Each structure stands twice: as structure tokens, then as C-alpha cells.
Amino acid sequence: MSYAPKAGGADFVPGAPNTLTITGLSSTESSASFRCPAYPAISVSGTHGGGGSWAFTFTANESGVFDPTPGRFDCQVVYGSGKVEPVALQTGERAIGTEPSDPGAATRVSSITAGTGITCTPNPITSTGTIAANLALGGLTNVGSGADSASAGEVLEYQSGAWGPQAKRYIPDPSEGGVAVGKKKVGSVTKTLYLRTFYQAYDTGSGPTGNVTLWASSGIDPGWTARGNVTTSTGNAVSDGFYSRMEVYSNGTVVLTRNSGYNVADSGYYYELEYTLASDSGS
């Protein structure tokens, strides 16, 4: 009956650097690694000392994974040829002040220092600590730097592969003029789409009579859209159609045409106009 080679003993101190010298191993293999199935991350390369003697040098972290009390572990030596040989590892007392830990990969990080947008506590981290992101929006992937200088009321919108500030889509007050509310395809060109509102309160006695010039020389494209209503002096409101309509003359002037009963000084109106500008070369 053959027995697995024994390694370690009372002198193998988990949590401290150790060199295991094992005899009775192969004398012909060109390479060997010491492994422990219970701790898959451990793989320590060996140095052939001649004959059947091999030496395996552990770091404190690698040896530190073993249980805190002395014990026996079923390990193995894996040769370069693929042959596996069982090894019985005996550990001694654990190094004072150490606990079992994951040995990690062969390459270990000894220090982490905070860079732009990152906070480390402590800084640098050399053992344990906390890493937190402290980025402005413009520091994030696919977010343009302009996001950090957006104006009040703007929103983020994804265009051309990046997020950037765009005007918020809302129905403006008549005093605001036209506001950008999105994009519109005009032929092969994508232009900015604007929305503008026009309003006159009813029963004031001071409103315009007849048809109303809402916007002279507007410069808008032909593909505009209008919707709204007109109101009598008593508050009777009728949507656009027979009693009112919006027109754009050849010179660009926007006119509200109103029929009888809805075109006196006490009449009111509310209209919304969506449009693009002829001067917008678009994209």
C-alpha cells in the first residue's frame, strides 16, 4: 500500500509566509504546482530540488486561507504533464492576529488611489476601505460635457451617440414666443420644431376687431400646423373651423381669420402654432 506524501506540520504557520519542501514526488517532471481543492484560488508553483524533492513557497495571504486551528488538508501536486498526486498537508498554529482570507489572484493590488470623480476612504486604500463615485454628469460615458452647463428647464436627450441638454417640451405662454419642442423632418433635412401660442381674453372691450395679424414676417416653412378656438363676449368658445382659421400669407405673415360673432372687440381667441423655420439649415 502506498501513502500520499506528507507536507507541512507544526512549522507550517497559516497567515505567514511558508515554504513547503515535499519529498517523494516525481523526479522526472519538469514543473509542478501545489493546489488545494478546498481553496481553488491556491496554485503555488514549485521548484525542483533534485530527485523527488520539490519546494513550494507560499505568501502569507495564500497560506492564510487555511482554518484557524491546526488541521489536515487533502491537497495535491499537479505536474506539467497533467498527472495529479495527492498530498496530505498538516498545518500548525495560526499566526497571531490573522484570520482566514481569500488568496485572490496571482497578482495583488497593494494600493488604490482615488482619481477624477472617485472618492477613496482612506485615500489611498492599502487594506480595506470605501470607494464612491462623485462624478458630474459630463464625466459619465456617452454624456456630453454640455450636460453640466444646462440651463434651467432643460432636459437630457440622447442625440448622435451622446446625452446632452435640450429644451424641455412644454406649451409656452404667449409672452415667450416660440420655444423648441423637438425635431421635425422637412424633406431630407431634420429641423428644430417650435411651438408658439397666441391669446386674447374675451369680454375686455379692448381686443382687436376683424381678422388679427398674429405674427408679421414669421419666416416659417410651409409645413406648419395650427389648432385653437375663438370665444364670444359671453364666453362661448368654438374650435377652429367655420368660425375661425389660421392662415400664413406668401410674405410669411400669420393671420387669424374670424367670422361674424367672433371678431369684435369683446371676442377672444387661443391658438397654438407648430412650425419650423425656413432659415434653419438643419442636419
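No value in this document is a laboratory result; all are computed from the given coordinates. In this text the structure is predicted, and so the values were computed from the model without any measurement. Cβ atoms come from the backbone with ideal geometry, glycine included; neighbour counts cover every protein chain shown.
Tell me, what is the percent relative contact order of region 177-283, built from C-alpha pairs under 8 Å that lie six or more residues apart?
The value is 39 percent.
To make sure I understand the rule: partners must be lysines, Cα under 27 Å from the Cα of K6, and not fewer than 8 residues away in the same chain. Which ones qualify?
K83
Tell me which aspartates and glutamates have Cα within less than 15 Å of K185's Cα, excluding those fewer than 8 residues away on the same chain?
D221, E274, D280
Enter the Cα centre distance for the pair region 116-165 and region 235-283, rounded to the nearest angstrom.
Cα centroid of region 116-165 versus Cα centroid of region 235-283: 46 Å apart.
Given labels modelled 7 Å from the Cα in the Cβ direction, how far is it in nm from L137 to A167?
Calculated label separation equals 1.7 nm.
So how strong a dipole does the chain carry about its Cα centre when Lys and Arg Cβ are +1 and Asp and Glu Cβ are -1, to the nearest 20 debye?
440 debye
Residues with beta-carbon under 12 Å from that of S26, excluding S26: net charge, scoring Lys, Arg +1 and Asp, Glu -1?
-1
C36: net charge of surrounding residues, Cβ under 14 Å, Lys/Arg +1, Asp/Glu -1, itself excluded?
For residues surrounding C36, the net value is -3.
Below 8 Å, C-alpha to C-alpha, sequence gap of six or more: please give me the relative contact order for region 1-160 in percent.
21 percent
Considering just Cα atoms, how many Å³ per residue does the convex hull of region 152-283 enclose?
120 Å³
Measuring from a point 7 Å past the Cα of S239 along Cα-to-C-beta, which residues in region 245-283 have an amide N at less than 16 Å?
Once the point is set 7 Å along Cα→Cβ of S239, 245-246, 270-273 turn out to lie under 16 Å by backbone N, inside region 245-283.
Summing Lys, Arg as +1 and Asp, Glu as -1, what charge do residues with Cβ under 13 Å from the Cβ of T98 carry, T98 excluded?
-3
Spin-label point model (7 Å from Cα, Cβ direction): what's the S33 to S188 distance in nm?
If labels sit at S33 and S188, their model points lie 6.0 nm apart.
With point charges of +1 on the Cβ of Lys and Arg and -1 on the Cβ of Asp and Glu, referenced to the Cα centre of the chain, which listed residue (F242, T232, S63) lies farthest in the positive direction of the dipole?
Towards the positive end, the residue furthest out is F242.
If you filter region 101-184 for trypsin sites (Lys or Arg not before Pro), then keep DSSP loop positions with at most 14 other Cβ within 10 Å, what is left?
R108, K168, R169
Which whole-number percent gives the relative contact order of the chain, counting Cα pairs below 8 Å spaced six or more residues apart?
After rounding, I find 13 percent.
What are the residues whose amide H is under 5 Å from the amide H of K183, where those residues sit 5 or more places off or on another chain and H is modelled from the backbone?
Distant-sequence amide H within range of K183: L193.
Suppose R0 equals 41 Å. What FRET efficiency, 1/(1 + (r/R0)^6) with r the Cβ-Cβ distance, do Q159 and T253 give to the nearest 0.05?
After rounding to 0.05, the efficiency reads 0.80.
Tell me the label only: which of [x] 69; [y] 45; [z] 60 is percent of Cα pairs over 25 Å apart as calculated from this structure?
Working out percent of Cα pairs over 25 Å apart from the coordinates points to [x].
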